[in-house]
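The values are calculated or read from the model by the stated rules, or taken from the named source; none is laboratory data. In this text, all values refer to a predicted model and were calculated from it rather than measured experimentally. Positions of Cβ are backbone-derived with ideal geometry, glycine not excepted, and every protein chain shown enters the neighbour counts. Surface accessibility is based on the protein's heavy atoms, side chains included, excluding ligands, DNA and RNA. Shrake-Rupley method; radii C 1.70, N 1.55, O 1.52, S 1.80 Å.
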Amino acid sequence: MKRKQLIKHIKKYNGFLLREGSRHSIYQKGRLKTGVPRHNEIVDELARKICKDLDIPFLR
């Protein structure tokens, strides 16, 4: 999955960028936080975990 596609999906469910790290961007939804790596392609298992951490449905 493309990183841009995942970020768009996170923002659709009211997630927002908390801060930028050196290797990850930290996104937050309510009290839930997770890191999104800066790779162009994100493995589906990792994207599923990111969605689970933010309590949003998986995209695919």
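Laid out as a table, the results:
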item	result
Pairs with Cβ under 6 Å, 6+ apart, first in segment 9-26 and closer than 17 Å to Lys52 by Cβ and in contact (Cβ under 8 Å) with a residue 24 or more places away in the chain, second in a loop (DSSP other than H, G, I, E, B) and of a type outside the set (Phe, Trp, Tyr)	His9/Leu59; Tyr13/Ile56; Gly15/Leu54
For Leu18: the one exception among (1) modelled with pLDDT of 95 or more; (2) over 11 Å from the mean Cα position of the chain (by Cα); (3) loosely packed, with under 12 Cβ neighbours inside 10 Å	(3)
Tally of residues being among the aliphatic types (A, V, I, L, M) and free of Cβ contacts under 8 Å to residues at least 24 places away in the same chain across segment 44-54	1
Only listed residue being on the phi > 0 side of the Ramachandran plot and among the small types (Gly, Ala, Ser), chosen from Gly15, Gly30, Gly35	Gly30
Qualifying residue in segment 45-54 (condition: over 10 Å from the mean Cα position of the chain (by Cα) and farther than 13 Å from Met1 by Cα)	no
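Let's see how each residue does on (1) modelled with pLDDT of 95 or more; (2) open to solvent by 50 Å² or more (accessible area, probe 1.4 Å); (3) of a type outside the set (Phe, Trp, Tyr):
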| position | (1), (2), (3) |
| --- | --- |
| Gln5 | yes, yes, yes |
| Tyr13 | yes, yes, no |
| His24 | yes, yes, yes |
| Cys51 | yes, no, yes |
| Leu54 | yes, no, yes |
| Pro57 | yes, yes, yes |
